[in-house]
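Taking it in order: structure first as structure tokens, then the write-up.
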Amino acid sequence: MSYPIFRPRRLRQTETIRRMVRETRLAVEDLIFPLFVVHGSGVKHEIAAMPGNFHLSVNELQKEVKEVASLGIPAVLLFGLPSFKDAYGSQAYAKDGIVQQAVRAIKDTVPDLAVITDICLCAYTSHGHCGVVEGGVVKNDPTLEILAKVGVSHAEAGADIVAPSDMMDGRVGAIREALDEAGFEETIILAYAAKYASSFYGPFREAAESAPQFGDRRSYQMDPANADEALKEVGLDLEEGADIVMVKPALPYLDVIYRVKAEYGVPVAAYNVSGEFAMVKAAAQKGWLDGEQAMLEMLTAIKRAGADLIITYFAKEAARLLQRLMS
Ligand code: PBG
């Protein structure tokens, strides 16, 4: 079938027709909003490179999650800034640690909002690496035990989903085993399965004060040039008990999202990371592109590639835009 019988433009004539044949629909259910929690009270401090995103103390967080829930966003992803750091990141599993307090406060405020917690040590260690450092090397196996403790402490606080982002080998299995032993066999694991060593994490590291104090993360996060390896990583995490797998960042890795979804057919999350968000915001502020349209296009593309869930700093803005488009 070809021109002049077939004219693809027939189905693009009006917004009504375009809506009818649209293949991908972004929905508020797809969105997860990341939040940064700090000690103190009455703290609401905007993060410089992430307009509309804040460092929040627990009481301010409670207001924020009410708004998030009222927009219909189903879940938040929590990151904490501890009161002090040490070599082993002990504040990451402290009973009254900042994330543990935040989880309890959210569950008191909006019990139906799903709470996801990031499991990693980088914001909690004095050296800023995601694992235990010995002789200048990030050690895999000694880290697993600590990560498992962090996972159990988050589950005890009431987290619905724990999300290991450290990229140590074997951590999903270690966390699953520890959760089950502690009686948390229903706690869901969202594994940052294919997490790349990316320059797009820049604004986040400012926000989480988690930049490595020496070297970089290339000995544990993936080489951006590799995609077959991502399938291997995802396969291993699924074997170890991951319920949902994540590809991160999202936009430069749409091919990876596509292949993971096609190969495994499990729920796939994509992390539209801080640098991806900041690029759009900065260009929009300069008047170089339409920020709202760019946001919608980006999120739709991530979903089209195969992501079921999108973790994004745009979640609130996108939810509002979707409400407007519906009305
Ligand atoms: C912690 C972690 C990072 C992000 C999420 N969890 C940063 C990193 O690996 O350095 C990045 C998120 C973002 O850029 O939005 N390991």
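Every number here is computed from the coordinates shown, using simple stated rules; none is lab data. This one's a predicted model, so the numbers in the text were calculated from it and none came from an experiment. Every residue, glycine among them, receives a Cβ derived from its backbone with ideal geometry; neighbour counts consider all protein chains shown.
Restricting attention to the stretch 313-327, which residues are surrounded by fewer than 16 Cβ atoms within 10 Å (Cβ to Cβ) and outside any helix (DSSP H, G or I)? Listed by number, the list holds a single entry, S327.
Are any of the residues in the stretch 115-125 in contact (Cβ under 8 Å) with a residue 60 or more places away in the chain, hydroxyl-bearing (S, T, Y) and either within 14 Å of the ligand (Cβ to nearest atom) or surrounded by 23 or more Cβ atoms within 10 Å (Cβ to Cβ) (or both)? Within the stretch 115-125, not a single residue is in contact (Cβ under 8 Å) with a residue 60 or more places away in the chain, hydroxyl-bearing (S, T, Y) and either within 14 Å of the ligand (Cβ to nearest atom) or surrounded by 23 or more Cβ atoms within 10 Å (Cβ to Cβ) (or both). Search the stretch 60-98 for residues being within 30 Å of E29 (Cβ to Cβ) and free of Cβ contacts under 8 Å to residues at least 24 places away in the same chain, and hand back the single one that is farthest from the ligand (Cβ to nearest atom). In this case the residue turns out to be S70. Got at least one residue in the stretch 218-235 being in contact (Cβ under 8 Å) with a residue 60 or more places away in the chain and more than 30 Å from D108 (Cα to Cα)? Taking every residue of the stretch 218-235 in turn, at least one turns out to be in contact (Cβ under 8 Å) with a residue 60 or more places away in the chain and more than 30 Å from D108 (Cα to Cα). The strands (runs of 3 or more DSSP E) found wholly in the stretch 132-207 and carrying at least 2 residues that are within 15 Å of the ligand (Cβ to nearest atom) occupy 132-134, 161-164, 188-195.
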